[in-house]
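The values are calculated or read from the model by the stated rules, or taken from the named source; none is laboratory data. Predicted model only: the values in this text are computed from it and were never measured. Cβ placement follows ideal geometry from the backbone for every residue including glycine, while neighbour counts extend to all protein chains displayed.
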Amino acid sequence: MVRLFAWALGVCLVVTGAAQAEGRYRVGYGLVFTNDIIGDGHDRWRSGSVASSRVYAPGWNGTAPARLGEMLELRFNGEIIAPDDVSTPAPGDRPFAGALSLGLHSHIARAGMEYAVGADLVVTGPQTGLDDFQGFLHDIVGGDDLSAGVRRNQVSDGFHPTAVVEAGRSFDLGGVRLRPFAEARAGIETLVRAGADITIGNLTRGELLVREPVTGQRYRVVREDAPGYAFILGADIAHVEDSELLPSRSGVQVEETRTRVRGGVHWEGQGGGALFYGVTWLGEEFEGQREGQVVGSLQFRLRF
């Protein structure tokens, strides 16, 4: 695990140095937490994750540049996925999985379209140390310990290069903004997805929002001060080809269709403090999953 973190730190320093080259500087930062405890209150399946983005560019004038590679986003994600019961899982439940990823993405805007294109390296398995971290959290806040069988049967150590492409377009309809989008992923999970997001309120076109991979919630990275409220609604549906998080050796079959429905509210105060809370319903991801789940997402900014 120490070697993994040393590797990740080294890669992060190299990628950050490359992003800052050629006159770029950091124009935005975003961090969002997702957990089912702040959703439906259970501790299962897509149990918890964190997504973080740092964006580097020669400047920001309210929109992404037209040239690929001019605006770069350094993206980090970490996720814990667990069976419904981590001590005595039911037959046919999904295996425990820990995943950490680091990636580089470019944002561009051309002819009214917005694109995000990039790649992540996703690290899975006991080498991430996330099974121990889950046990540490349960010791603090309460919860069952991971059984020896759950640890033994978790998703194996692996390195999974993953390509991600998203294309979307925003339409202003009075005080409402509609943004249909399409996304494709190939790697840790291979899928194609289509959906739309609706924004009502003070989020402006001058901000850059990045899509959190588990829920599809879009979180603020490059901001414009705009005190007030904004309400978010969204939904999407995906065709899933395969998933390394549900390997065939586990005996669990991937659901070919995956659905998400989400909502949330952004608030920003006069002093620059901001808060986002959203909830997302995640449909069934594997055959035998008896129901969907609701997870909550939280992003905040404090100003002193």
Practice prompt. Take the range 44-85 and flag every residue that is under 30 Å from Leu146 (Cβ atoms), surrounded by 21 or more Cβ atoms within 10 Å (Cβ to Cβ), in contact with a Ser or Thr (Cβ under 7 Å, 6 or more places away or on another chain) and not polar (S, T, N, Q).
Written response: Gly48, Arg75, Glu79, Ile80, Ile81, Ala82
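Please find, among Gly234, Gly251, Gly288, the residue that is in contact with a strand residue (DSSP E or B) (Cβ under 9 Å, 6 or more places away or on another chain) and not charged (D, E, K, R). Let's see the steps before the verdict.
Details: Gly251 fails: in contact with a strand residue (DSSP E or B) (Cβ under 9 Å, 6 or more places away or on another chain); Gly288 fails: in contact with a strand residue (DSSP E or B) (Cβ under 9 Å, 6 or more places away or on another chain).
Residue meeting the stated conditions: Gly234.
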Response to the item:
When (1) buried (at least 21 other Cβ atoms within 10 Å of the Cβ); (2) within 14 Å of Gly195 (Cα to Cα); (3) not charged (D, E, K, R) are applied to Ala235, the one that fails is (1)
Worksheet, complete the sentence: Gly158 vs (1) over 26 Å from Leu246 (Cα atoms); (2) modelled with pLDDT of 95 or more: all pass except (1)
Practice prompt. Consider Val123 carefully, then state whether it is in contact (Cβ under 8 Å) with a residue 60 or more places away in the chain and assigned to a loop (DSSP other than H, G, I, E, B).
Written response: no
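Which residues, taken from the range 238-258, are of a type in the set (S, T, N, Q), part of a strand (DSSP E or B) and either surrounded by fewer than 17 Cβ atoms within 10 Å (Cβ to Cβ) or touching a Lys or Arg at 6+ places or on another chain (Cβ under 6 Å) (or both)?
So the first thing to find is which residues in the range 238-258 are of a type in the set (S, T, N, Q), and the list is 243, 248, 250, 253, 257.
The next check asks that each one be part of a strand (DSSP E or B); those that pass are 243, 257.
Correct list: Thr257 only.
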Worksheet item: Say we look at the range 260-270 and pick out the residues that are modelled with pLDDT of 90 or more and surrounded by 17 or more Cβ atoms within 10 Å (Cβ to Cβ); which of these is farthest from Ala194 (Cα to Cα)?
Response: His266
Discussion item. I'd like the full set of residues that are surrounded by fewer than 17 Cβ atoms within 10 Å (Cβ to Cβ) and assigned to a loop (DSSP other than H, G, I, E, B), limited to the range 147-169.
Written reply: Ser147, Asn153, Ser156, Asp157, Arg169
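In the range 213-229, is there at least one residue being charged (D, E, K, R), free of Cβ contacts under 8 Å to residues at least 60 places away in the same chain, surrounded by fewer than 20 Cβ atoms within 10 Å (Cβ to Cβ) and not in a loop (DSSP other than H, G, I, E, B)? If you could, list the steps in order and put the result at the bottom.
So the first thing to find is which residues in the range 213-229 are charged (D, E, K, R), and the list is 218, 220, 223-225.
Still in the running and free of Cβ contacts under 8 Å to residues at least 60 places away in the same chain: 218, 225.
The next check asks that each one be surrounded by fewer than 20 Cβ atoms within 10 Å (Cβ to Cβ); those that pass are 225.
Retained after the next criterion (residues that are not in a loop (DSSP other than H, G, I, E, B)): none.
Checked the range 213-229: no residue is charged (D, E, K, R), free of Cβ contacts under 8 Å to residues at least 60 places away in the same chain, surrounded by fewer than 20 Cβ atoms within 10 Å (Cβ to Cβ) and not in a loop (DSSP other than H, G, I, E, B).
Which residue, of Val32, Val50, is outside any loop (DSSP other than H, G, I, E, B), of a type in the set (Val, Ile, Thr), in contact with an Asp or Glu (Cβ under 6 Å, 6 or more places away or on another chain) and at pLDDT 90 or above? Before you say what the answer is, go through the steps one by one.
Details: Val50 fails: in contact with an Asp or Glu (Cβ under 6 Å, 6 or more places away or on another chain).
Just one listed residue meets the conditions, Val32.
Yes/no per residue for (1) of a type in the set (Phe, Trp, Tyr); (2) farther than 30 Å from Tyr56 by Cβ; (3) touching a helix residue (DSSP H, G or I) at 6+ places or on another chain (Cβ under 8 Å):
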site	(1), (2), (3)
Gly92	no, yes, no
Ser106	no, no, no
Ala111	no, no, no
Val117	no, no, no
Arg151	no, yes, yes
Item to complete: From (1) farther than 25 Å from Val27 by Cβ; (2) touching a residue at least 12 places away in the same chain (Cβ under 8 Å), pick out the condition that doesn't hold for Ser248.
Response: (2)
Practice prompt. Identify the single condition in (1) farther than 23 Å from Val279 by Cβ; (2) surrounded by fewer than 17 Cβ atoms within 10 Å (Cβ to Cβ); (3) of a type in the set (Gly, Ala, Ser); (4) more than 18 Å from the chain's Cα centre (by Cα) that Ala184 does not satisfy, given that it satisfies every other one.
Written response: (4)
Discussion item. I'd like the full set of residues that are farther than 17 Å from Gly263 by Cα, touching a Leu at 6+ places or on another chain (Cβ under 8 Å) and charged (D, E, K, R), limited to the range 184-218.
Written reply: Arg185, Glu189
